[in-house]
Structure formats: C-alpha cells, structure tokens
1. Of the accessible area of the range 15-145, with the probe set at 1.4 angstrom, what percent is carbon plus sulfur?
2. Calculate the FRET efficiency for residue 12 and residue 50 from the Cβ-Cβ distance with a Förster distance of 22 Å, rounded to the nearest 0.05.
3. What percent of all Cα-Cα pairs in the chain falls in each 10 Å bin, counting up from 0?
4. Charges only on Cβ, +1 for Lys and Arg, -1 for Asp and Glu: so what's the dipole of the chain about the Cα centre, in debye to the nearest 20?
5. Using modelled amide H (1.01 Å from N, peptide plane; none on Pro or chain starts), what sits under 5 Å from the amide H of residue 121, excluding residues fewer than 5 places away?
6. For the range 6-80, divide the Cα radius of gyration by the Kirkwood radius and give the resulting Rg/Rh value with two decimals.
7. Find how much the distance from residue 130 to residue 115 grows on full extension, using 0.36 nm per residue of separation minus their present alpha carbon separation; answer in nm with one decimal.
8. Tell me the net charge near residue 8. Cut-off is 12 Å between Cβ atoms, residue 8 excluded, with +1 for each Lys or Arg and -1 for each Asp or Glu.
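The values are calculated or read from the model by the stated rules, or taken from the named source; none is laboratory data. Source: prediction; values computed, not measured. Glycine gets a Cβ as well: all are built from the backbone with ideal geometry, and neighbour counts include every protein chain shown. Keep in mind that these areas ignore ligands, DNA and RNA; they rest on the heavy atoms of the full protein, side chains included. Shrake-Rupley method; radii C 1.70, N 1.55, O 1.52, S 1.80 Å.
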Amino acid sequence: MPDLMDTYLENRWFVQPDQANNLETAHGGHVLKWMDELGAMCSMRFSGETCVTAHMDEVNFRRPVPVGGIAVVKAYVYDTGETSIKIRTRVFREDPETGTEELTAESYMVFVAIDDDRNPIPVPELTVSSDRGQELLDAALESAP
C-alpha cells in the first residue's frame, strides 16, 4: 500500500511577468493551475492511475508572490475514499536568498482515479509509516473542511 511520504511533492516556479496580474504579482489563475497540477501528480503517484480533479475547496490568497519571487507548491495525499484521493495543497512564497517561506494560499482537493474508459476505479488505502508522515496527516486532518 502507498505511504503518505511517497506522495509528498514540492515544485518551485520563478514568477515571470507573463504570469503576473496588473499589480505585478502572481496571477491567481496561475497559482490555481500550479496547485491543480501538483495535486494531480500526487494522486497519480499514489494510485498508479490517471486521475482527474473532482473538487477544489475554498482558496484564500493571504499574501502575493511578486514577479521575480519564488512560488513553492507543496502537496500530499492525506485521505482516500473508494475511488477518490484527498490532497492537501499549500503555496508559499520563498525568499530566494534566505529560503524563508511564507504561506500564501492553501486548499484541499479531491481527485478521482479513472480507467481508460474514464470510469472511476478503486484506489488503495493510505498508509503512514514515519513520524513526518504522521505530522503531515495530523496537520491536514486538523484543518481540513
């Protein structure tokens, strides 16, 4: 059975001018795309199947990521259903010189594993076998909607 830490992924992007809004910060649509893509990667890594987005919970943008800044997206599986996979996704802005991170946005998402005919298929159960994995699981369950 897949372990939570096997699903943990991080991606980083330098925010470019063509990804910015009129305030020269990361456009919210780009941030949502990055979250969705990383969530899909986590769910596919977990299930070994093609997965599609079924639900994205509320997203509150707490602070901007400026052009030239680094956006860090972190995601992992924290729960499953019969065919569904729940992902916690968090976005940070990272200072490129110090590595200091500040939370900018987060969301809880649900993906569904599908077969070649695009029908939902069962997913495995999630396991947690490390202290770090348990910390991530507890944090997700504590603040999940």
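1. Details: 3160 of 6990 Å².
With neighbouring chains kept in place, the figure for the range 15-145 is 45 percent.
2. On the way: r = 25 Å, r/R0 = 1.15.
It comes out at approximately 0.30.
3. The percentages, shortest bin first, are 12, 40, 31, 14, 2.
4. Working: 12 positive and 26 negative charges, 67 e Å.
Its charge dipole is roughly 320 debye.
5. Counting only residues 5 or more places away or on other chains, the set is 113, 114, 115.
6. On the way: Rg = 13.5 Å, Rh = 13.4 Å.
On the Cα set of the range 6-80, Rg over Rh gives 1.01.
7. Numbers: separation 15, 0.36 × 15 = 5.40 nm, distance 3.10 nm.
The residue 130-residue 115 span can extend by a further 2.3 nm.
8. For residues surrounding residue 8, the net value is +1.
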